[in-house]
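The values are calculated or read from the model by the stated rules, or taken from the named source; none is laboratory data. All values reported here derive from a predicted model rather than from experimental measurement. Here the Cβ is made from the backbone with ideal geometry for all residues, glycine too, and neighbour counts use every protein chain on show. For accessibility, only protein heavy atoms count, side chains too; no ligands or nucleic acids. Shrake-Rupley method; radii C 1.70, N 1.55, O 1.52, S 1.80 Å.
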Amino acid sequence: MDTVDLSATRLESENEIDNAIYAVLCAAFCEEDDAPIRRLVRLRLMDAPTPLQVLDAVCDELRWRGRLRFEEQRRLQASHVLAAFLDLPRSERENLSLMAVG
């Protein structure tokens with residue numbers, strides 16, 4: 001499997017950014033879908049963040065809430081989740097419906 005350079009990619013659309021946040025929170029950090037946390041993570045990010053910035057923002061928010069455990073292992077897992085997410089065509093990353101309706 002080719003290594004994906006997560007620092008070279010920018011997430012551009014709001015949907016793509018939201019889906020990346022959701023993937024990291026749920027798949028890598030085993031957090032339940034929590035819309036308020038996703039919104040606060042998004043507020044920590046600038047426009048067109050890198051996947052690594054998304055990961056840092058998720059870690060910062062979970063750390064602030066006292067919910068960040070096994071950070072080193074979770075970051076590694078998140079890198080794999082983000083690499084799989086980035087392996088999708090951009091159109092699928094933007095239009096993928098990962099988040100629960102509600």
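Remarks
- Among all residues of region 2-23, there is at least one that is out of contact with any helix residue (DSSP H, G or I) (no Cβ under 9 Å at 6 or more places or on another chain), in a helix (DSSP H, G or I) and at pLDDT below 90.
- Residues satisfying the criterion are present in region 83-93 (criterion: modelled with pLDDT under 90, assigned to a loop (DSSP other than H, G, I, E, B) and either of a type in the set (S, T, N, Q) or closer than 20 Å to Thr9 by Cβ (or both)).
- In region 39-56, the residues that are open to solvent by less than 100 Å² (accessible area, probe 1.4 Å) and without any contact (Cβ under 8 Å) to a residue 24 or more places away in the chain: Leu40, Val41, Met46, Gln53, Asp56
- Restricting Glu14, Glu94 to those that are among the acidic types (Asp, Glu), without any contact (Cβ under 8 Å) to a residue 60 or more places away in the chain and surrounded by fewer than 20 Cβ atoms within 10 Å (Cβ to Cβ) reduces the list to Glu14.
- Going through (1) under 22 Å from Ser91 (Cβ atoms); (2) over 13 Å from the mean Cα position of the chain (by Cα); (3) open to solvent by 40 Å² or more (accessible area, probe 1.4 Å) one by one, Arg67 falls short only on (1).
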